[in-house]
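Asker: Quick one: the structure is below, questions incoming.
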There are 2 protein chains.
Amino acid sequence: MLKGHLDMIVLAALTIGPAHGYAIIQEIQRRSAGAFELPEGTVYPVLHRLEKNGLLRSRWTIAESGRKRRTYTLTRQGRQALADHRAVWHRFVDAISGLFGEASGATAWPHR
Amino acid sequence: MLKGHLDMIVLAALTIGPAHGYAIIQEIQRRSAGAFELPEGTVYPVLHRLEKNGLLRSRWTIAESGRKRRTYTLTRQGRQALADHRAVWHRFVDAISGLFGEASGATAWPHR
DNA sequence: GTGCATACCTCGTTACACTAGGCATAACGT
DNA sequence: ACGTTATGCCTAGTGTAACGAGGTATGCAC
């Protein structure tokens, strides 16, 4: 049910800083209050596509435990893409609000 | 880009009263302030599916112009489905807001 | 009578989220 | 020592749903 918005969701999870795939999944789950429990088969292909498109950069890192992880970082392009997605998202929400006859403008959040 | 929410959008357009396909498309466009310009190839199959699932009922009507139109009406099931979709939608918006670190609760609209 | 808006329809493509697997290592319990 | 769970990565195939492209027909204005 997140069709079309998945890229935005994944990019948003990386605004706090670099993270590896598994942690991204958990961060999304945490920040969405459990609403988004994304399966790995959904997230990993997205990460690969985002990196291929230049929105993310990845490198192999070694955790204290000794486990290898692929850590992803937002690129400048990625931040821009997220900002764009976010603007589209807010227009989308406003449009749906209009459909429901709800007041709009509630989504006029300041940029950060 | 409205993937997964199309049923809700079409159902919402019919809350004001019965309408035929072409009018539904224009009503959606009007109420969304031009954000949603749905092609007919998108809407008609949705109407057929919704009727097949019992959320809409249709009948052929004759306009003053003499033109034949298929007029759709929300069923009780349809109203319920719309209410459900709407609740899911608001949870969805809250979840995305959480992802962005925005304040939530902005979508706690009263039922109408 | 030509063009445009209205009004309906279907078929095929495509994009994409997800299911269902597979592989490997660390931590923990017994 | 051994099994189980959690961690961590990956891909191939599937199903669905929105959409593009096309087809048909009528009323109206010029």
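The values are calculated or read from the model by the stated rules, or taken from the named source; none is laboratory data. The shown structure was predicted, so the numbers you read here are calculated from the model rather than taken from an experiment. With ideal geometry, Cβ positions are generated from the backbone for all residues, glycine too; neighbour counts draw on all protein chains shown. Protein only, heavy atoms only, side chains kept; ligands, DNA and RNA dropped before computing areas. Shrake-Rupley method; radii C 1.70, N 1.55, O 1.52, S 1.80 Å.
Asker: Would you call B:LYS68 within 17 Å of the chain's Cα centre (by Cα) and over 22 Å from A:GLY4 (Cβ atoms)?
Answerer: So B:LYS68 does not fit the description; no.
Asker: Which residues, counting only those in the range B:10-42, are closer than 21 Å to B:ALA63 by Cα and hydroxyl-bearing (Ser, Thr, Tyr)?
Answerer: Across the range B:10-42, the qualifying residues are B:THR15, B:TYR22.
Asker: Output yes when any residue across the range A:76-88 is under 29 Å from B:ALA35 (Cα atoms), touching a residue at least 40 places away in the same chain (Cβ under 8 Å) and among the small types (Gly, Ala, Ser), and no when none is.
Answerer: Among the residues of the range A:76-88, at least one is under 29 Å from B:ALA35 (Cα atoms), touching a residue at least 40 places away in the same chain (Cβ under 8 Å) and among the small types (Gly, Ala, Ser), which makes the answer yes.
Asker: Right, another one. Which of the residues that make up the range B:80-92 are open to solvent by less than 30 Å² (accessible area, probe 1.4 Å) and either away from every other protein chain (no Cβ under 14 Å) or over 19 Å from A:PHE100 (Cβ atoms) (or both)?
Answerer: B:ALA81
Asker: So, one more: Of all residues in the range A:1-33, how many are open to solvent by 30 Å² or more (accessible area, probe 1.4 Å), touching an Asp or Glu at 6+ places or on another chain (Cβ under 9 Å) and within 9 Å of DNA strand D (Cβ to nearest atom)?
Answerer: Of the residues in the range A:1-33, 1 are open to solvent by 30 Å² or more (accessible area, probe 1.4 Å), touching an Asp or Glu at 6+ places or on another chain (Cβ under 9 Å) and within 9 Å of DNA strand D (Cβ to nearest atom).
Asker: Checking A:ILE62 against (1) within 13 Å of DNA strand C (Cβ to nearest atom); (2) within 27 Å of B:SER97 (Cβ to Cβ), only one condition comes out false. Which one?
Answerer: (2)
Asker: Quick check, is A:THR73 farther than 15 Å from B:PHE100 by Cα and surrounded by fewer than 17 Cβ atoms within 10 Å (Cβ to Cβ)?
Answerer: yes
Asker: Take the range B:34-70 and flag every residue that is closer than 15 Å to B:PRO18 by Cβ, more than 11 Å from DNA strand D (Cβ to nearest atom) and surrounded by fewer than 13 Cβ atoms within 10 Å (Cβ to Cβ).
Answerer: Listed by number, the residues that qualify are B:ARG59, B:TRP60, B:THR61.
One line per residue, one yes/no per condition, for (1) over 23 Å from B:VAL88 (Cβ atoms); (2) touching a Lys or Arg at 6+ places or on another chain (Cβ under 6 Å); (3) within 14 Å of chain B (Cβ to nearest Cβ); (4) within 13 Å of DNA strand C (Cβ to nearest atom):
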residue: A:ILE16; (1), (2), (3), (4): yes, no, yes, no
residue: A:ALA33; (1), (2), (3), (4): no, no, yes, no
residue: A:PRO39; (1), (2), (3), (4): no, no, no, yes
residue: A:GLY78; (1), (2), (3), (4): yes, no, no, no
